[in-house]
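Let me begin by presenting the structure, written as structure tokens, before commenting on it.
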Amino acid sequence: MNPTVVRAALITAYGEPPEIAQATLPEPGAGQVPVKVELAGLNPVDIAIASGKFDAGAPELPYTPGLEGIGTTPDGRRVWFDVPALPVGSFSESCVIDEARAIELPDGVEPSQAIAFGVAGMAAWLGLEWRGKLKSGETVLILGAGGSVGQVAIQAAKLLGAGRVVAATRSERGRQRALELGADAVTDTEGGVADLAAVFREETGGGADLVLDGLWGPPAEAALASIAYGGRLVQVGNSAGKEATLGAGPLRGGLVSILGHRNFHAPHQVQVEALRTMCSYAAEGRLEVELEVLPLERAAEAWLLQQQSPGRKLALAP
């Protein structure tokens with residue numbers, strides 16, 4: 001059988017944007033199927049992996065990036081999928097997926113909506129519900145609220161019963177957008193730790209019960225310095241820094257929990273229910289994320305936009 005050649009975006013050097021080229025689609029293994037890609041989601045983790053310094057390792061060069069997509073299976077089902085393993089990612093006309101992990105999209109939701117509820121949406125929804133165990137009436141602080149994870153998190157916290165939601169982001173546009181999406185208060189993430197902690201404490205009314213942290217670094221230090229007794233911080237990203245300095249005493253004295261989160265740790269059925277729930281809310285007009293779709297040929301441009309924290313979900317259309 002002749003190999004299938006597809007048009008794809010390839011990373012040929014660590015730290016550089018992808019280039020459009022031809023790639024060979026591997027033969028599906030046991031339990032795998034080829035999928036025709038309709039939309040490929042771009043996420044900060046794709047940039048991190050391509051740096052060559054990702055904590056989970058770097059793929060051999062060259063490789064096709066992209067950890068998620070919306071596509072059509074050979075039997076005609078439209079699914080959200082995550083990529084089983086690089087080097088064959090979703091930034092391609094077609095790719096190979098694990099059939100059992102694909103999540104069929106419910107009726108009434110468009111791919112342009114659903115793509116935001118995969119990697120980004122699940123980080124928000126699962127971070128709050130599955131990992132953070134958000135309880136009705138609790139106060140939630142969202143660090144990095146201007147991006148797609150944060151946009152979902154603001155709305156998800158409300159849908160999951162939060163009593164007060166405070167959105168923290170460095171951009172004025174992001175703060176305005178957070179208010180439009182239902183945040184009760186907004187604040188900046190710039191400044192010294194002590195000053196930020198005072199602001200977080202004031203805006204949350206004495207400290208957040210649950211923090212969804214996509215930043216780490218000084219903003220996370222400030223959130224932990226102001227968190228309520230028994231509070232939890234769910235760590236989903238580190239765009240403000242890979243390290244934070246924490247005092248041991250306040251963590252013990254405040255009975256504080258720091259919980260790491262990556263979507264793949266959640267059981268598959270939990271992921272299925274989260275994505276379908278978000279899709280249902282989107283179909284009802286109760287959950288939305290700003291999206292920009294670029295053609296695959298503009299993958300390098302999309303890549304550079306993502307590096308600049310665009311404040312919206314980016315996707316590629318082959």
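Coordinate-derived values only; no laboratory data. None of these values were measured; they are calculated from a predicted model. All Cβ positions, even for glycine, are placed from backbone atoms using ideal geometry, and neighbour counts span all protein chains on display.
Which one, His261, Ala185, Pro250, projects farthest toward the positive side of the charge dipole computed for segment 124-264 from Cβ point charges (K/R +1, D/E -1)?
His261
Treat the count of other C-beta atoms within 10 Å as a stand-in for reagent exposure and order Asp46, Asp209 from fewest to most. Present the calculation step by step, with values, prior to reporting the outcome.
On the way: Asp46 26, Asp209 23.
If I rank by nearby Cβ atoms, fewest first, I get Asp209, Asp46.
Could you compute the net charge surrounding Leu259? Neighbours are other residues with a C-beta less than 14 Å from the C-beta of Leu259; K and R count +1, D and E count -1.
Spelling it out: positives minus negatives among the neighbours equals +1.
For a quick check of your reading of the filter: which trypsin sites (Lys or Arg not before Pro) in segment 279-318 sit in a DSSP loop and have no more than 13 other Cβ atoms within 10 Å?
Answer by residue number: Arg286.
Shape verdict for segment 124-264, please, from the Cα gyration tensor: rounded (a/c under 1.5), prolate (a/b greater than b/c) or oblate.
Numbers: a/c = 1.32, a/b = 1.15, b/c = 1.14.
It is rounded, given that a/c, with a ≥ b ≥ c, falls under 1.5.
Calculate, for Arg262 and Leu305, the FRET efficiency according to 1/(1 + (r/R0)^6) with r their C-beta to C-beta distance and R0 22 Å; round to the nearest 0.05.
Plugging the Cβ-Cβ distance into 1/(1 + (r/R0)^6) gives 0.40.
Would you mind ranking Lys133, Lys158 so that the residue whose beta carbon has the fewest other beta carbons within 10 Å leads the list? Present the calculation step by step, with values, prior to reporting the outcome.
Working: Lys133 13, Lys158 19.
By the 10 Å Cβ count, ascending, the order reads Lys133, Lys158.
Tell me the volume per residue, in Å³, of the convex hull enclosing the alpha carbons of segment 1-108. Provide the component values of the computation, followed by the final result.
Working: hull volume 12.0 nm³, N = 108.
For segment 1-108, the hull spanned by Cα atoms encloses 111 Å³ per residue.
By counting other Cβ atoms within 10 Å of each Cβ, how are Asp75, Asp184, Asp213 ranked from fewest to most?
Asp75, Asp184, Asp213
Quick one: which of 116-122, 32-38, 247-253 comes out on top by average Cβ neighbours within 10 Å, and what's the full order, highest first? Spell out each step's value before the answer.
On the way: 116-122: 27.4, 32-38: 19.3, 247-253: 10.3.
By packing density, highest mean first, the sequence is 116-122, 32-38, 247-253.
Between Ile20 and Glu104, what is 0.36 nm times their sequence separation minus the Cα-Cα distance? Round to one decimal in nm.
27.4 nm
Using a Förster radius of 41 Å, what is the FRET efficiency between Ala248 and Ala317 based on their Cβ-Cβ separation? Nearest 0.05, please.
For R0 = 41 Å, the calculated efficiency reads 0.25.
Step by step: find N for the chain, compute 2.2 N^0.38 Å, then divide the Cα radius of gyration by it. What's the final number?
Dividing the Cα radius of gyration by 2.2 N^0.38 Å gives 1.00.
Suppose R0 equals 45 Å. What FRET efficiency, 1/(1 + (r/R0)^6) with r the Cβ-Cβ distance, do Asp55 and Arg77 give to the nearest 0.05? Before the final figure, lay out each step's value.
Numbers: r = 34 Å, r/R0 = 0.75.
Efficiency at R0 = 45 Å is approximately 0.85.
Could you check what % of the DSSP bridge pairs in the chain are antiparallel, to the nearest 5?
Counting only bridges with both partners in the chain, antiparallel ones make up about 55 percent.
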